[in-house]
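A short reminder: the numbers here are calculations on the coordinates, not readings from a lab. Predicted model only: the values in this text are computed from it and were never measured. Neighbour counts run over all protein chains shown; Cβ positions are idealised from the backbone, glycine included.
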Amino acid sequence: MRWLLVPAEWRELKRIDSPAAAVNFIESFWRLRDPDPATAENELREQFAARVEAADQLYGEGEVRGSLTDRGRALILLGPPPHMSLTSEEALAWKPGRRSRQRATTREVRLEIWRYQEDELPAKMVRVLRAADLEPSVELKFRLGRRGAQLAEGENALILVSRLALVRE
């Protein structure tokens with residue numbers, strides 16, 4: 001649930017002091033995000049659980065569950081990337097050494113890029129992007145390194161889609 005929590009919910013979650021309060025919080029959390037309260041199931045909750053399972057299988061990094069990694073978060077919030085590519089680019093780096101030998105340099109950084117076009121994004125997100133005169137597409141860049149994949153570009157898109165989970169059609 002961490003990827004969908006808004007700041008007020010984080011504060012509320014930290015104050016929970018009993019199992020009963022935790023259960024009430026979780027039920028309220030998902031009820032607020034139910035896209036169609038008239039039905040018995042909560043489609044978003046079911047989709048979320050399936051994507052968490054997929055992220056755990058695909059993107060685990062050492063002892064960290066896949067759903068808690070940056071790529072796992074993106075998969076959970078936006079779904080599987082319809083377009084993915086691997087590339088590399090030069091990035092500034094600092095070459096350590098003695099004071100007189102330290103210098104700025106460049107190094108090659110490997111990137112994994114996920115792209116979502118208009119018809120591959122949630123309809124609510126497309127409407128918000130269009131209303132802001134932005135292109136209704138998303139590109140996420142992950143820097144691949146020894147410590148796993150780190151989100152390098154696209155944070156605002158992930159924040160937006162997580163907040164839109166609270167908006168009913």
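A Cβ-based charge dipole, computed about the Cα centre of the chain with Lys and Arg at +1 and Asp and Glu at -1, lands at about 1300 debye. Leu58: net charge of surrounding residues, Cβ under 15 Å, Lys/Arg +1, Asp/Glu -1, itself excluded? Surrounding charge for Leu58 is -1.
Length gained on full extension, Gln57 to Ala104, computed as 0.36 nm times the residue gap minus the Cα-Cα distance: 13.0 nm.
Extents of segment 82-169, taken as max minus min of Cα coordinates on every principal axis and listed largest first, are 61, 25, 24 Å. A simple spin-label model places pseudo-atoms 7 Å from Cα toward Cβ; at Thr87 and Arg2 they are separated by 3.0 nm.
For segment 129-134, the Karplus equation 6.51 cos²θ - 1.76 cosθ + 1.60, evaluated at θ = phi - 60°, returns couplings of 5, 5, 4, 8, 6, 10 Hz by residue, with Gly and Pro reported as x. Here the simple spin-label model places points 7 Å from the Cα toward Cβ, and for Leu13 and Val64 these points are separated by 1.6 nm.
From most to least packed by mean Cβ count within 10 Å, the peptides 43-50, 74-81 give 74-81, 43-50.
Taking amide H as placed 1.01 Å from N in the peptide plane, the amide H of Gly60 sits under 5 Å from that of Gly66, each at least 5 places away or on another chain. On full extension, the segment bounded by Asn24 and Ala49 gains 7.1 nm, given 0.36 nm per residue less the C-alpha separation.
Direction-averaged projected area, Cα convex hull, the chain: 13.9 nm², rounded to one decimal.
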